[in-house]
Amino acid sequence: MRYDHPSGQRRENNAGAFVTAGAVLTIDFEALAANYRLLCRQVAPAQVAGVVKADGYGLGAAKVASTLIGAGCRHLFVALLGEAQALKPDLPGDIPLYVLNGLMPGAEAQCLAIGAIPVLNSLDQIERWAALAAAQGRKLPGVLQVDTGMSRMGMPADEIDALLAAPALLEHIDLRLIMSHLACADEPADGANAAQASRFEAITARLPGVPRALDNSGGAFLARGHFDIVRAGIAMYGGAPSDGENPMQAVVALEARIAQLRTIPAGTGVGYGLTHHVSRESRIATIPMGYADGWPRCLGNRGSGFIAGIRVPVVGRVSMDSITLDVTEVPAEHLYPGAPVELIGPHQTLDAVAADAGTISYEILTQLSRRYERVHLPVLDAEHDTRHDRSSAA
């Protein structure tokens, strides 16, 4: 994250954003591209596919996809057919778009019309896609997902056996990829990672010659080979891919402004339910954002912000549209209506917020609200700088 962007865009040009919005979410697309390139180096010679489901993890799927394609990405994944329908018109025709959750019954013709490639997670889905292909008189592209131990999406062992016993089912499918998904990739020492990789090797050996994909963001940092394609999600967006030090650049920053300041005497309660009482005369700042903006309600009396690099704890409950902070320790020159409050930034990472909330960075990121004013910092490369500046801004 370029907190001091050379254009001054974040600090100066968007000061008016705080007049109409409770907070400003800054998205650094150069950091996104840099994270993608780091992952490519990490897993080479495997390719890196971009996972842009959930509207690009909440940051705008079309913008994220454009940035990744500019950085060299040639494979994109979404979760739902509706996401594919929304994104496909924005993609070059040669970029395949895969639908992770596969095909609900009756969705086959729509998937074909969209031009998306389904991830076939069950024998039933394969049969339905193959039937449409036969009716079309041509092969249709598909991805086969096998379950290697997560017990979620993918074909279990008995269905894999049934498929291999009826090879005619695959005669109508242009099998682009065989994939599975790691359950414990964010915990590198967990033995489940090696066990799943071993099962995946055994299954894919029965379908030789088809490209393979097992690893996600965490899997990209496991000390072994990475098959043919790695599906990158949270690491591209700046979240820690696994336990330990985070090698990725921050992609988002979130900043609010103080809406009101007050001094309250010792013993005074704060917020709904008066769940916090100050033990001394205290200075309280209110910022105009809350759980309606995706800031977890559970951060009441446990989360924090930063003012001038000083941690200011959340006191009282997080409300729908407001949060109260104890700013007693902050020097007076930093306290005034309109003063900046860092919620995600150099002093408080996305992962730190998630830890305080007892959740994961994925959840924090994907819940960040559309009520925030959004500022887009463009890719610095000259070719992409022009492309992104036209549509940047909130």
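The values are calculated or read from the model by the stated rules, or taken from the named source; none is laboratory data. Fair warning: this is a prediction, and the values are worked out from it, not measured in the lab. Please note: Cβ atoms are built from the backbone with ideal geometry, for glycine as well, and neighbour counts cover all protein chains shown. Surface areas here come from the heavy atoms of the whole protein model, side chains and all, with no ligands, DNA or RNA. Shrake-Rupley method; radii C 1.70, N 1.55, O 1.52, S 1.80 Å.
Just a few scattered comments:
- Looking across the stretch 132-142 at every residue that is in a loop (DSSP other than H, G, I, E, B) and farther than 25 Å from Ser180 by Cβ, the one that is farthest from the chain's Cα centre (by Cα) is identified as Gly137.
- Being surrounded by fewer than 20 Cβ atoms within 10 Å (Cβ to Cβ), in contact (Cβ under 8 Å) with a residue 60 or more places away in the chain and not hydroxyl-bearing (Ser, Thr, Tyr) is a property that holds for Pro288.
- Among the numbered conditions (1) open to solvent by 50 Å² or more (accessible area, probe 1.4 Å); (2) out of contact with any helix residue (DSSP H, G or I) (no Cβ under 8 Å at 6 or more places or on another chain), the only one that Pro188 does not meet is (2).
- Residue in the stretch 177-185 that is open to solvent by 60 Å² or more (accessible area, probe 1.4 Å) and either out of contact with any helix residue (DSSP H, G or I) (no Cβ under 8 Å at 6 or more places or on another chain) or under 15 Å from Asp243 (Cα atoms) (or both) present: no
- Residues in the stretch 279-290 that are within 26 Å of the chain's Cα centre (by Cα) and not in a loop (DSSP other than H, G, I, E, B): Ile287 only.
- Looking across the stretch 135-147 at every residue that is charged (D, E, K, R) and open to solvent by 50 Å² or more (accessible area, probe 1.4 Å), the one that is nearest to Leu123 (Cα to Cα) is identified as Lys139.
- Restricting attention to the stretch 371-394 and to residues that are modelled with pLDDT under 90 and assigned to a loop (DSSP other than H, G, I, E, B), the residue that is farthest from Thr20 (Cα to Cα) turns out to be Asp381.
- Of all residues in the stretch 120-131 being touching a Gly at 6+ places or on another chain (Cβ under 9 Å), of a type outside the set (S, T, N, Q) and part of a helix (DSSP H, G or I), the one that is surrounded by the most Cβ atoms within 10 Å (Cβ to Cβ): Ile126
- Qualifying residue in the stretch 172-184 (condition: of a type in the set (Asp, Glu) and over 20 Å from Gly233 (Cα atoms)): yes
- Residues that are surrounded by fewer than 19 Cβ atoms within 10 Å (Cβ to Cβ) and in a helix (DSSP H, G or I), drawn from the stretch 82-119: Gly82, Gln85, Ala86, Lys88, Pro89, Asp90, Ala109, Gln110, Leu112, Ala113
- Residue within the stretch 246-265 that is out of contact with any helix residue (DSSP H, G or I) (no Cβ under 9 Å at 6 or more places or on another chain), more than 18 Å from Asp321 (Cα to Cα), aliphatic (A, V, I, L, M) and open to solvent by 60 Å² or more (accessible area, probe 1.4 Å) present: no
- Counting the residues of the stretch 213-230 that are within 16 Å of the chain's Cα centre (by Cα) and open to solvent by 10 Å² or more (accessible area, probe 1.4 Å) gives 1.
Results for (1) crowded, with 19+ Cβ neighbours inside 10 Å; (2) modelled with pLDDT of 95 or more; (3) in contact with a Pro (Cβ under 6 Å, 6 or more places away or on another chain); (4) farther than 21 Å from Leu380 by Cα, shown as yes or no for each residue.
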residue: Leu32; (1), (2), (3), (4): yes, yes, no, no
residue: Tyr36; (1), (2), (3), (4): yes, yes, no, no
residue: Arg41; (1), (2), (3), (4): no, yes, no, no
residue: Val51; (1), (2), (3), (4): yes, yes, no, yes
residue: Leu68; (1), (2), (3), (4): yes, yes, no, no
residue: Cys73; (1), (2), (3), (4): yes, yes, no, no
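- Restricting the stretch 22-78 to residues that are in a helix (DSSP H, G or I) and in contact with a His (Cβ under 8 Å, 6 or more places away or on another chain), the residue that is nearest to Ala235 (Cα to Cα): Ala33
- Every residue from the stretch 246-282 that is closer than 26 Å to Glu373 by Cα and in contact with an Asp or Glu (Cβ under 8 Å, 6 or more places away or on another chain): Gln249, Ala250, Val251, Val252, Ala253, Leu254, Glu255
- Any hit, the stretch 341-352, residues being over 20 Å from Ala259 (Cβ atoms), under 27 Å from the mean Cα position of the chain (by Cα), small (Gly, Ala, Ser) and open to solvent by 10 Å² or more (accessible area, probe 1.4 Å): yes
- Index of the failed condition, Ile323 passing every other in (1) surrounded by 20 or more Cβ atoms within 10 Å (Cβ to Cβ); (2) over 25 Å from Ile364 (Cα atoms): (2)
- Scanning the stretch 148-176 for residues that are free of Cβ contacts under 8 Å to residues at least 60 places away in the same chain, open to solvent by less than 40 Å² (accessible area, probe 1.4 Å) and under 19 Å from Ala197 (Cα atoms) yields Gly154, Met155, Ile160.
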